[in-house]
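Participant: Submitted below is the structure of interest, expressed as structure tokens.
The values are calculated or read from the model by the stated rules, or taken from the named source; none is laboratory data. From a predicted model like this one, the values you see are computed outputs, not experimental measurements. Backbone-built Cβ (ideal geometry, glycine too); neighbour counts: all protein chains shown. For accessibility, only protein heavy atoms count, side chains too; no ligands or nucleic acids. Shrake-Rupley method; radii C 1.70, N 1.55, O 1.52, S 1.80 Å.
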Amino acid sequence: MPAHERLTAAITAANKHNRPALVPFITAGYPEPGEFVNTLREIAQVGDVVEVGVPFSDPMADGMTIQRSSFAALQNGVSLKWIFSELEMAGDLHTPLVIMSYLNPLLAFGYETLARRARATGVCAFIVPDLPFEECDELRIALEAEGLGLIQLVTPATPKERLKMLCEASRGFVYAVTVTGITGGDTGLPNDLADYLDAVSSASPIPVCAGFGIRDAADVANVGEHAAGAIVGSALVEVLESGEDPRPFLQALGGK
Amino acid sequence: MKSQLPADEASAFLDAAIKGELPDERGRFGPFGGRYVPETLVPAFERLEQGVREYLHDADFQREFQRELREWVGRPTALTFAPRLSERWGTEVWLKREDLAHTGAHKINNAIGQALLAKRLGAQRVIAETGAGQHGVASAAACARVGLPCSVYMGAVDMERQAPNVDRMRRLGAEVIAVETGDKTLRAAIDEAMRKWVTDPSGIYYLLGSAVGAHPYPYLVRELQSVIGVEAREQMIEQAGALPDAAFACVGGGSNAIGLFYPMLGDDIELIGVEAGGTGEGLGQNAATLATGTPGVLQGAYTMILQNDDGQVQETHSISAGLDYSGVGPEHALLQATGRVRYVAAGDDDALAALEELCETEGILTALETAHAFAYARRWSQENPRKRILIGNSGRGDKDMPTLTKHPARIRTSASA
Ligand SMILES: Cc1ncc(COP(=O)(O)O)c(C=O)c1O
């Protein structure tokens, strides 16, 4: 089976236990590059899917927390090459991985090598926040050749027709951005979130995971009623930043 | 590391460019350009593209735009013969005086055009980024003129070195927001403006200040700035009796340069864009994107950028805030790849010396950005004596006084000319 179906399976398995899938996000190598593999292992024990962020110099869809973690990781020499070699070292985590990266580091790496290295290291799909559907063919085809998925993002600003198209094009899961805004917002989830997530879920043939601004157990439960999974990024990065063990935090949010 | 196209492709793209067929419907200038933006902004870009198609060349819009250019901006700007500079350089030098446009630079042509468009599109407020502060001042003024609130994002480093412009923006009613992240210059300001736009894509109009970013901005800005080249071309024929042998413009994002060059692409004129050479050729020492960069995606477009092997965008250095940028407009990337325009660099010290020489010979205090074009034109004239040249004098240097004060007039150019 293509690797991206592992994602779908992991999310569906969580839903069978009557809970939303938990998808933790971390910026690779933050705060300590030396701790990356350890952190990844810990998080993979609780998360159903783990999302690894590639730091980028111009994270234009990200709020302060992920900007801070990205700049620090870059200062510490974190790169996609380094991430792959760390993932190789980590071995099988028994949890499917997703890489989230802005486009330029992927372009610089070269799409074909990217797909091969990703597949060899347990990565099942990519999320590329500055690559809209209209520009994605080249990457999508290169990933598909290795059975990897390109996860499409949809947002509250996405018109209905487009929503359907994006959901059908997505592989692994659909990433439903909860807010009209950037990551790490602390304004709370929008009031009409339920209707929006219901609309995405009914347009999508594959599971929908909601992300941006999900910070605590109440948010996860709230989102979980209308989507198959919840992605927790900035809040987790802040926990790691403070030097705490991420497991109790994630366990309190649900997870396996 | 200049990007090159196969000869047949290059000439086909250049033909298309001259005929006005670029960008294509996907916003591409040959391989460059496109629209790499977060999904949240896709509908906003589609609305903008639709608005550009509907209004930009519409007779009503053009009538209003042309009237604003004439009565409020003060166009046409003069074409000035520079006799004392010509004598020194041994060549005939003409200056297209964008410094005489309202608010002191070419930026106002684009700002008023886009502000009128924002109004037509029903925007509630305008955001803009700025480097040197010239685009910020122009946006503040244009928004006041059309009656829209305006917020300007500006890197903290630039707020310090272009302090006079920060006060001007505020006087003109704009809110100026200091950007403390990233490199704290123009690139960080664009990132931050994009982050703001994402929060209200239908209410906010993003008034981008150069021929950069995702489609349709590079096209829109070129169309609004082409007035520079159209006027200069006519004025050269009328005042100098002939077109120039060569034309020079400084290149940050590339808006004044594309405005000057675009109407001359089909003429027999050597076109030269001058980037910021900073303090040297190493990565991080300059902002010579076309002269030393590689292709990649930055802030919405596939274009030439300054990056490392991992695709991380590199910080730049230039004494001039308006050129201190790691990317460049995608149309320039194509014009370089086709060989039609040559892009070179002039360093900080050469720019300072050129600025002084122009003050001394012609009584014009030019902007530090613009001074780079003079610095290279001077060098070119030594190698190509007795020609007729045109320099895009993109803006005035009053805003640069904080920087110039730190570099007292130590270079007396008369002896070395
Ligand atoms: C006077 C002047 N010239 C040139 C520039 C560079 O911009 P562009 O390359 O878009 O013309 C600036 C930018 O701030 C400027 O203020």
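Participant: Looking at the range B:300-323, which of the residues that are assigned to a loop (DSSP other than H, G, I, E, B) and within 7 Å of another protein chain (Cβ to nearest Cβ) is farthest from residue B:354 (Cα to Cα)?
Facilitator: Filtering the range B:300-323 for residues that are assigned to a loop (DSSP other than H, G, I, E, B) and within 7 Å of another protein chain (Cβ to nearest Cβ), the one farthest from residue B:354 (Cα to Cα) comes out as B:310.
Participant: Any residue in the range A:91-99 that is of a type in the set (S, T, N, Q), away from chain B (no Cβ under 14 Å) and surrounded by fewer than 24 Cβ atoms within 10 Å (Cβ to Cβ)?
Facilitator: Among the residues of the range A:91-99, at least one is of a type in the set (S, T, N, Q), away from chain B (no Cβ under 14 Å) and surrounded by fewer than 24 Cβ atoms within 10 Å (Cβ to Cβ), which makes the answer yes.
Participant: Here's another thing I want to ask about it. Could you look through the range A:104-117, keep only residues that are in contact with a helix residue (DSSP H, G or I) (Cβ under 8 Å, 6 or more places away or on another chain) and open to solvent by less than 10 Å² (accessible area, probe 1.4 Å), and pick out the one that is nearest to the other protein chains (Cβ to nearest Cβ)?
Facilitator: A:105
Participant: Let me ask something else. Touching a residue at least 12 places away in the same chain (Cβ under 8 Å), in a loop (DSSP other than H, G, I, E, B) and open to solvent by less than 10 Å² (accessible area, probe 1.4 Å), is that true of residue B:232?
Facilitator: no
Participant: When you go through (1) touching a Ser or Thr at 6+ places or on another chain (Cβ under 8 Å); (2) more than 10 Å from chain B (Cβ to nearest Cβ) one by one for residue A:181, which number turns out not to apply?
Facilitator: The number of the failed condition is (2).
Participant: How many residues are in contact with a helix residue (DSSP H, G or I) (Cβ under 9 Å, 6 or more places away or on another chain) and either under 11 Å from residue A:78 (Cα atoms) or not in a helix (DSSP H, G or I) (or both) if we restrict to the range A:24-42?
Facilitator: 11
Participant: Would you confirm whether any residue within the range B:48-57 is in a helix (DSSP H, G or I), in the same structural domain as residue B:238 (by TED's automatic domain parsing), in contact (Cβ under 8 Å) with a residue 60 or more places away in the chain and open to solvent by 10 Å² or more (accessible area, probe 1.4 Å)?
Facilitator: no
Participant: Also, quick follow-up: Pull up the range A:33-45, narrow it to residues that are open to solvent by 80 Å² or more (accessible area, probe 1.4 Å) and in contact (Cβ under 8 Å) with a residue 24 or more places away in the chain, then point me to the one that is farthest from residue A:68 (Cα to Cα).
Facilitator: A:45
Participant: Inside the range B:366-394, can you point out the residues that are in contact with a Ser or Thr (Cβ under 6 Å, 6 or more places away or on another chain) and within 14 Å of the ligand (Cβ to nearest atom)?
Facilitator: Scanning the range B:366-394 gives B:368, B:369, B:370, B:393, B:394.
Participant: Is at least one residue of the range B:209-216 of a type in the set (Ser, Thr, Tyr), under 15 Å from the mean Cα position of the chain (by Cα), part of a loop (DSSP other than H, G, I, E, B) and outside the structural domain of residue B:250 (by TED's automatic domain parsing)? If you could, list the steps in order and put the result at the bottom.
Facilitator: To start, the set of residues in the range B:209-216 that are of a type in the set (Ser, Thr, Tyr) comprises B:210.
If we keep only those that are under 15 Å from the mean Cα position of the chain (by Cα) as well, we get B:210.
Those still in the list that are part of a loop (DSSP other than H, G, I, E, B) too: B:210.
From what is left, the residues that are outside the structural domain of residue B:250 (by TED's automatic domain parsing) are B:210.
Yes; the residues of the range B:209-216 include at least one that is of a type in the set (Ser, Thr, Tyr), under 15 Å from the mean Cα position of the chain (by Cα), part of a loop (DSSP other than H, G, I, E, B) and outside the structural domain of residue B:250 (by TED's automatic domain parsing).
Participant: Here is a list: A:70, A:57. Which entry is under 28 Å from residue B:199 (Cβ atoms), at pLDDT 95 or above and part of a helix (DSSP H, G or I)? Reasoning before the result, please.
Facilitator: Numbers: A:57 fails: part of a helix (DSSP H, G or I).
After applying the criteria, what remains is A:70.
Participant: When the range A:183-218 is examined, which residues are found to be assigned to a helix (DSSP H, G or I) and touching a strand residue (DSSP E or B) at 6+ places or on another chain (Cβ under 7 Å)?
Facilitator: A:197, A:200, A:201
Participant: Select from the range A:118-157 the residues that are surrounded by fewer than 24 Cβ atoms within 10 Å (Cβ to Cβ), touching a helix residue (DSSP H, G or I) at 6+ places or on another chain (Cβ under 6 Å) and among the acidic types (Asp, Glu) and list them in ascending order.
Facilitator: Answer for the range A:118-157, where residues must be surrounded by fewer than 24 Cβ atoms within 10 Å (Cβ to Cβ), touching a helix residue (DSSP H, G or I) at 6+ places or on another chain (Cβ under 6 Å) and among the acidic types (Asp, Glu): just A:146.
Participant: Looking at (1) within 16 Å of the ligand (Cβ to nearest atom); (2) part of a loop (DSSP other than H, G, I, E, B); (3) under 18 Å from residue B:93 (Cβ atoms), which is the only condition residue B:252 fails?
Facilitator: Here residue B:252 meets the rest and fails (3).
Participant: Same structure again: Take the residues in the range B:395-413 that are within 22 Å of residue B:100 (Cα to Cα) and open to solvent by 50 Å² or more (accessible area, probe 1.4 Å), then tell me which one is farthest from the ligand (Cβ to nearest atom).
Facilitator: By that ranking, first place goes to B:401.
Participant: If you don't mind, there's one more thing I want to ask. Can you pull out the residues in the range B:282-299 that are within 16 Å of residue B:35 (Cβ to Cβ) and either in the same structural domain as residue B:42 (by TED's automatic domain parsing) or in a loop (DSSP other than H, G, I, E, B) (or both)?
Facilitator: The one that is within 16 Å of residue B:35 (Cβ to Cβ) and either in the same structural domain as residue B:42 (by TED's automatic domain parsing) or in a loop (DSSP other than H, G, I, E, B) (or both): B:299.
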